[in-house]
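This report concerns only the one structure given below.
Every number in this text was worked out from the coordinates using simple rules, so none of it is lab data. Computed from a predicted structure; not experimentally measured. Every residue, glycine among them, receives a Cβ derived from its backbone with ideal geometry; neighbour counts consider all protein chains shown.
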Protein chains: 2
Amino acid sequence: MININKPSLIIDSLKVKLNIQNMIAKLDDVKNLRPHFKTHQSKDVSNIFKILGVKKITVSSVSMAKYFAKDWNDITIAFPVNILEIDDINKLSRKITLNLLVESIDTVVYLQNNLKNKVGLFIKIDTGYNRTGLTSEDIEVSTIINEIRNSNIIHFKGFLAHAGHTYSAKSTKEILSIMDNSKKILSGIKNKYIHSFPNIITSYGDTPSCSISDNLNGFDEYRPGNFVYYDIMQYHLGSCAIEDIAVAVACPVVAKHKSRNEIIIYGGGVHLSKEFMEDDNNNRSYGYVVEFTNYKWKYQDTVSYLKSLSQEHGILKVSKELMNRVEVGSLIGILPIHSCMTANLLRDSSILV
Amino acid sequence: MININKPSLIIDSLKVKLNIQNMIAKLDDVKNLRPHFKTHQSKDVSNIFKILGVKKITVSSVSMAKYFAKDWNDITIAFPVNILEIDDINKLSRKITLNLLVESIDTVVYLQNNLKNKVGLFIKIDTGYNRTGLTSEDIEVSTIINEIRNSNIIHFKGFLAHAGHTYSAKSTKEILSIMDNSKKILSGIKNKYIHSFPNIITSYGDTPSCSISDNLNGFDEYRPGNFVYYDIMQYHLGSCAIEDIAVAVACPVVAKHKSRNEIIIYGGGVHLSKEFMEDDNNNRSYGYVVEFTNYKWKYQDTVSYLKSLSQEHGILKVSKELMNRVEVGSLIGILPIHSCMTANLLRDSSILV
């Protein structure tokens, strides 16, 4: 029997499984999937991937790679190499197949001089997100490739991109066009080097485009992460139906304010994160509201929402019906705006149902 | 020798000490201070309070009370009682002096029936923040007091308020006027009941008003929390000078983009939280930038700032001078927008210097 008395992430294992199966179904081969595990950071969820045939993963930090290295022996750290963590990188690469990401020749030279075991290396290409990466025309790309061309310790893996600008796209059409453009850029640069490096691949990320696209081909490898849970942000981008959202935060109700249709929950910024969405009138929502039946939920109440968050408190604006139904001491569910942030905060308070 | 290789909270112990001493100096007696420990959640920092004469504390969850109960024997949980945690409340109240907070008769009746040891009870009064609490005119106040009047297990402690609306005030004058108004409300309701309960007190929170006010009297007890560290939000409210901010997040530099004056740090929303401030042109800042000398800092560079955050990445917009000075592999400091949220995320990666 589950006994929840503080904010906890309820993970619907059936929805998780369906979300993974749907993504795999779009691929030519499950081998082309290297899911990003930063979203869930959970061994239980990682086992579902394993059962469904996934053999390799992506993470976004050395710490996460260490956490998963017990169970996964092919890991890409999709984050520019932090050279200060060279000791941990060397420990990891002794044990597993480790792929790193670079975007500067200085880092590559540092790696050449300090790596103790063989690693795979991707060059990060910026396809328009403007966070990290080199443009495909940057001469530093060829400088890096020349540096590692004859390396015994660095194995050139190919080109990797994360099209994070899909998150600010205004339509699913725009998202697909970002994906197409990234495909042109990555294929172009791969073709330029394929003769010298016949095994290089293109690796592409982001949940919105991988979810909205009907077929996943044109890249050699796909690294979506958020799709395992989805969230309200993805729902508004068109990546998923609201029924696909696989996590809800269970929060104890601690007070009711009938005069202003507000319910106070134990569940604040330290549990849900302060991510929000704004409507056209600048009203913020920090989450949607659901009710549990045996820790399962169905989104129905479109009136109620999470209006504000402080460190431990949440204020729900609620429908009259919900106000009357819910008592102090009951649990209410919140569908998170951004499940990656919420799942990270509730890592130690997660329950797979 | 300190060896930092991932995002870490650097706590300047001298500044912490000065911030606490300055707050104590405004009080008639250090006994009137019951600092809120939700900001730091750190045993090291709690020891500095102890050395400076503080004997009692505030927390915002049962979990935090459990964490501090080993070292502190007088704790107020300033959060509406979560009746689902009754077992932990009973364990705590066996060991320490525990004060709880209520705002509904239902919760009080539940406590009467389920408490196993004596606790102190505050009634939460809403002085205008509109998050939790009863208005001083609400008849539920007298209903609650009648219920516990002859209780053997619940000891009526008095009235408690948190004037969180100071955080959205437009001037220090407005902050002081909120404090004055809260004083009138709490004193008024205390005077109404003091004859029946000669030992009841008024307890008042919030860092902005306690920091801006020159003298702290008129309430019987003060519960500021954030002042121990302060942050950019408090600086803009006028609560502190920028030199008073006692924490900076050390983040490894992982990439430089000279063409757009941007530096990429290992340090994202999972380290700093996604709190931001917006200027008049809707430009967001997620933190100010400092450089370390032996893990101490001085804020000087008013051009550079933390422009955006994803899960693990931060993008700094930087001055040309900083771009030239900083190398991949060096550490850069970020003064957080909201130190309570940042310190919570970096609880396990904190260093007191």
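Could you please rank B:Lys274, A:Lys190, placing first whichever residue has the fewest other Cβ atoms within 10 Å of its Cβ?
A:Lys190, B:Lys274
How tilted is helix A:13-25 with respect to the longest principal axis of chain A? Cα atoms for both, answer in degrees (0 to 90, nearest 10). Once rounded, one gets 40 degrees.
Only one residue of B:Asn282, A:Ile51, A:Ile337 has its Cα farthest out toward the positive end of the dipole of the protein assembly as shown, where Lys and Arg carry +1 and Asp and Glu -1 on Cβ, and that residue is A:Ile51. In the frame of its principal axes, the stretch B:74-208 has Cα extents of 46, 30, 24 Å, reported largest first.
Here the protein assembly as shown is assigned +1 on the Cβ of each Lys and Arg and -1 on the Cβ of each Asp and Glu. Its dipole about the Cα centre then comes out at about 1400 debye.
Taking B:Asn324, B:Asn99, B:Asn226 in turn, the Gaussian network model of chain B (Cα-Cα springs below 10 Å) assigns the largest fluctuation to B:Asn324. Rounded, prolate or oblate: which fits the stretch B:1-76, taking a ≥ b ≥ c as square roots of the Cα gyration tensor eigenvalues, rounded meaning a/c under 1.5, else prolate when a/b beats b/c? Oblate, because a/c is 1.5 or more while a/b does not exceed b/c. At the listed q of 0.13 Å⁻¹, the Debye profile of chain B, built from one uniform point per Cα, gives log10 I(q)/I(0) equal to -1.00. A 21 angstrom limit on the alpha carbon distance is what I want to check against. Which of A:Lys118/A:Lys183; A:Lys50/A:Lys70; A:Lys17/A:Lys56 exceed it? Table pairs above 21 Å Cα-Cα are A:Lys118/A:Lys183.
So which residue, out of A:Ser259, A:Ser142, A:Ser330, gets the largest mean-square fluctuation from a GNM of chain A using Cα contacts under 10 Å as springs? The residue with the greatest mean-square fluctuation here is A:Ser259.
Counting other Cβ atoms within 10 Å as a rough exposure proxy, the listed residues A:Ser8, A:Ser308, B:Ser177 run B:Ser177, A:Ser308, A:Ser8 from fewest neighbours to most.
Mean sequence separation of contacting Cα pairs (under 8 Å, at least six apart), scaled by the length of the stretch B:242-352, corresponds to a relative contact order of 37 percent. Remark: the stretch A:74-146 projects, on average over all directions, an area of 4.9 nm² (convex hull of Cα atoms).
With a/c under 1.5 counting as rounded, go ahead and sort the stretch A:242-352 into rounded, prolate or oblate using the C-alpha gyration tensor (a ≥ b ≥ c being the square roots of the eigenvalues; past the cut-off, prolate if a/b is larger than b/c, else oblate). Because its axes are fairly even, with a/c under 1.5, the stretch A:242-352 counts as rounded.
Principal-axis analysis of the Cα atoms of chain A puts helix A:139-148 at an angle of about 70° to the longest axis.
Only the Cβ atoms of Lys and Arg (+1) and of Asp and Glu (-1) were treated as charged; on that basis the dipole of the stretch B:1-80 about its Cα centre amounts to roughly 120 debye.
To the nearest ten degrees, helix B:86-95 and the longest principal axis of the Cα atoms of chain B are 80 degrees apart.
At 10 °C and 1.306 mPa s, what whole-number value in µm²/s does Stokes-Einstein give for the translational diffusion of the protein assembly as shown, with Rh from the Kirkwood sum over Cα pairs?
For these conditions, the coefficient is 59 µm²/s.
For the rotational copy relationship between B and A, the axis lies nearest to a chain B beta carbon, identified with its distance in whole angstrom as B:Lys274, 3. Placing +1 on each Lys and Arg Cβ and -1 on each Asp and Glu Cβ, with no other charges, gives the stretch B:73-224 a dipole about its Cα centre of roughly 320 debye.
With bins 10 Å wide beginning at 0, the percent of Cα pairs of the stretch A:240-302 falling in each bin runs 16, 47, 35, 2.
Taking every C-alpha pair closer than 8 Å and separated by at least 6 residues, the mean separation divided by the residue count of chain A gives a relative contact order of 20 percent. Judged by the ratio a/c of the largest to the smallest principal axis of the C-alpha gyration tensor, the stretch B:1-152 counts as prolate, that ratio being 1.5 or greater while a/b is larger than b/c.
Provide an ascending nm list, one decimal, of label-point separations from B:Asp301 to the equivalent residue in each further copy; define each label point as 7 Å from Cα along Cα→Cβ. Label point to label point, same position, other copies: 4.8 nm.
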